[in-house]
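Rule-based calculations on the coordinates, nothing more; no lab input. Bear in mind the structure is a predicted one, so any value in this text is a computation, not a measurement. Every residue, glycine as well, gets a Cβ built from its backbone with ideal geometry; the counts of neighbours run over all protein chains shown.
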Amino acid sequence: MQLFDVYPLNDITIVKGEGSYVWDDKGQRYLDMYGGHAVISIGHAHPMYVQAITEQLNKIGFYSNSVKIPLQAELAKQLGEVSGKEDYKLFLCNSGAEANENAIKLASFHTGRSKIVAFSKAFHGRTSLAVAATDNKTIVAPVNSTDNVTFLPFNDVAALEQHFAQHGKDTAAVIVESIQGVGGINMASANFLQAIRTLCDEHGAVCIADEVQCGYGRSGSFFAFDHAGVAADIYTMAKGMGNGFPVGGIVIAPHIKASHGMLGTTFGGNHLACAAAIAVLDVMQSERLMKHAVEIGKYLMDELRSMDGIHNVRGRGLMIGFDVADEYKTLRSHMLHQHHVFTGVAKPSVIRLLPALNLTKEQADEYLTVMRRSLKELAPAEQVAAV
Ligand SMILES: Cc1ncc(COP(=O)(O)O)c(C=O)c1O
């Protein structure tokens with residue numbers, strides 16, 4: 001049997017990782033400024049994380065949600081403390097799409113309504129409701145297309161107000177990424193997020209913050225939505241939550257009530273996933289990683305802003321993007337293949353940096369050196385002659 005060929009692959013086989021470095025099967029070391037797509041939050045093979053999962057595996061890896069799993073309650077307690085959402089409730093699942101799927105479904109159950117508002121360039125995942133709320137027609141199968149989702153322009157308060165004035169009583173939820181990831185590191189304005197909050201309150205709709213990529217400390221606060229000074233009703237999480245162990249979840253405001261059978265999943269909240277997620281929170285706290293992300297992120301952005309050939313450096317904490325001028329469109333693959341640095345991309349010409357939250361200053365400098373060198377190596381001939 002062969003693999004179903006859906007991923008365009010780099011010809012690289014990663015066999016080992018440590019902190020913000022990974023190694024291939026030929027022993028070549030790479031600096032990981034991509035964090036395996038924003039997943040690696042506390043660094044590859046963090047010793048506390050490896051120990052916690054190993055110890056848990058030696059006790060029990062899985063039993064179903066038909067019995068009490070105290071690790072789930074422990075994770076919920078710790079999440080409440082770290083995020084400041086102590087009165088919210090936690091539902092555990094396995095991925096970002098599944099988290100958004102459950103958030104939208106829950107909003108619909110809660111309101112008895114079926115209409116959802118999403119935004120231009122949004123990415124919420126590939127399962128049925130999540131992909132229907134994703135602004136990319138090429139990944140929406142005919143069976144997923146629905147008129148229950150309306151796309152409005154991102155950061156356009158007037159369009160949102162107009163939509164609510166006409167359709168507010170049918171609207172179950174608004175789903176928003178406070179920093180759009182796949183869409184190209186687009187920052188929601190505080191004003192826009194506050195307007196979503198106000199309109200949801202006025203019309204009885206549920207405000208869903210998709211924190212799958214921008215959340216879990218990456219922006220410097222636990223949830224990126226909270227930079228706007230208002231709270232969402234449901235926060236969805238995955239990627240950084242398990243540092244590579246597949247775990248997702250939704251954090252639910254107290255006014256949204258649970259009933260037996262309303263949501264569910266076989267693997268969600270299993271013992272191993274909880275052990276991984278608790279270890280991530282332990283490390284985030286003991287290494288003060290949210291504060292560190294702010295400091296290193298600011299340093300990276302300040303340095304990047306001084307470079308020619310790239311524009312519009314933006315982001316928050318360690319979720320950073322910039323536009324690459326046309327002449328440098330091979331920058332990302334050049335850095336990967338010539339200088340062994342992984343970065344992320346968002347089409348057509350945006351580079352995304354999503355490193356582990358404990359990226360060191362030395363590693364940030366190593367990346368900045370490679371950037372300067374690569375921009376020089378790729379500079380068009382006439383620019384080099386003019387210097
Ligand atoms: C903002 C956002 N939401 C949802 C998802 C989907 O997550 P998953 O791939 O774990 O289903 C992603 C994945 O990139 C994402 O960036």
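The relative contact order of the range 47-286 comes to 29 percent, based on Cα pairs under 8 Å that sit 6 or more residues apart. Overall, the chain carries a charge dipole of about 420 debye about its Cα centre when +1 sits on the Cβ of Lys and Arg and -1 on the Cβ of Asp and Glu, all other atoms neutral. Where in the range 103-120 does the amide nitrogen come within less than 19 Å of the point 7 Å from the Cα of residue 258, taken along Cα to Cβ? Residues 103-111 fall inside that zone. Springs between Cα atoms under 10 Å define the GNM used for the chain, and in it the highest mean-square fluctuation of 32, 147, 226 occurs at 147.
If a paramagnetic tag sat 7 Å from the Cα of residue 150 along the Cα-Cβ line, which residues of the range 204-232 would have the backbone N under 12 Å from that point? The answer is none, because no backbone nitrogen lies closer than 12 Å to the label point. Which residue, 78, 162, 213, has the most motion in a Gaussian network model of the chain that connects Cα atoms within less than 10 Å? Judging by the Gaussian network model, the answer is 162.
Helices in the chain, meaning DSSP H runs of at least 4 residues, each add -39500 (n - 2.57). Divided by all residues, the mean residue ellipticity at 222 nm is -11500 deg cm²/dmol. Taking GluC sites (Glu not before Pro) across the range 35-100, the ones in a DSSP loop with at most 16 further Cβ atoms lying within 10 angstrom of their Cβ are 86.
Within a straight-line Cα-Cα reach of under 13 Å, residue 376 can be paired with the following aspartates and glutamates, leaving aside sequence neighbours fewer than 8 residues apart in one chain: 308, 327. Which whole-angstrom value gives the distance between the alpha carbon centres of the range 105-154 and the range 18-97? After rounding, the separation between the Cα centres reads 28 Å.
DSSP beta bridges confined to the chain are antiparallel in about 65 percent of cases.
The Rg/Rh ratio for the range 47-286 is 0.97, where Rg is the radius of gyration of the alpha carbons and Rh is the Kirkwood radius. Taking 4.7 Å between beta carbons as the limit, the unpaired Cys residues of the chain are 93, 214, 274. Tell me, how many Å apart are the Cα centres for the range 190-226 and for the range 275-343? Cα centroid to Cα centroid, the span is 22 Å.
Mind checking the full-extension length gain between residue 330 and residue 189? Use 0.36 nm per residue of separation minus the Cα-Cα distance, one decimal, nm.
On the way: separation 141, 0.36 × 141 = 50.76 nm, distance 3.08 nm.
Contour length minus the Cα-Cα distance gives 47.7 nm.
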